[in-house]
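Report on one structure; see the data block that follows.
The values are calculated or read from the model by the stated rules, or taken from the named source; none is laboratory data. Predicted model only: the values in this text are computed from it and were never measured. Virtual Cβ from ideal backbone geometry, glycine too; neighbours counted across all protein chains shown.
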Amino acid sequence: MRNWFIETGGKMADEMEWEGKALTKEFGHLCFQLGTMLKDFAAYTEAERKFEQTLAAKRHVYGDNDFSLAMTYNNQAINYKKAGKTKLAMEA
């Protein structure tokens, strides 16, 4: 089931990005969910990209200091740590 979501969600995210919807709340939410699943499957490089896309969308929608960014930074730091990027984890 997770593999299906990652494949289908990835295609949806690509389509949304192609349509110019990469800075929307919906795109950010989708990328967050995908990033979390990719992190859990040890696909750290792909998860890193999804968390970066999430942050870009959330910053655009909510601003740089909104509380909603905290969960994404937390998951991004966990992803970095699991990937062996300790320095980046400390900065996230």
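Counting only helices (runs of 4 or more DSSP H) that fall entirely inside segment 30-92 and contain at least 3 residues that are on the phi > 0 side of the Ramachandran plot, surrounded by 17 or more Cβ atoms within 10 Å (Cβ to Cβ) and of a type in the set (S, T, N, Q), no element qualifies. If the condition is being within 12 Å of Lys82 (Cα to Cα) and charged (D, E, K, R), then segment 36-70 contributes Lys39, Asp40, Glu48.
Any residue at all in segment 50-60 that's within 17 Å of Ala13 (Cα to Cα), among the polar types (S, T, N, Q) and without any contact (Cβ under 8 Å) to a residue 60 or more places away in the chain? Within segment 50-60, one or more residues are within 17 Å of Ala13 (Cα to Cα), among the polar types (S, T, N, Q) and without any contact (Cβ under 8 Å) to a residue 60 or more places away in the chain.
Report yes if Gly20 is modelled with pLDDT of 95 or more, surrounded by fewer than 17 Cβ atoms within 10 Å (Cβ to Cβ) and not in a helix (DSSP H, G or I), otherwise no. So that I can check it myself, show each step before the final result.
Values: modelled with pLDDT of 95 or more: yes; surrounded by fewer than 17 Cβ atoms within 10 Å (Cβ to Cβ): yes; not in a helix (DSSP H, G or I): yes.
Against the criterion (modelled with pLDDT of 95 or more, surrounded by fewer than 17 Cβ atoms within 10 Å (Cβ to Cβ) and not in a helix (DSSP H, G or I)), Gly20 qualifies.
The single condition among (1) in contact (Cβ under 8 Å) with a residue 24 or more places away in the chain; (2) assigned to a helix (DSSP H, G or I) that Glu7 does not meet is (1). Within the set Phe41, Phe51, the sole residue that is modelled with pLDDT under 95, of a type outside the set (A, V, I, L, M) and closer than 20 Å to Arg2 by Cα turns out to be Phe41.
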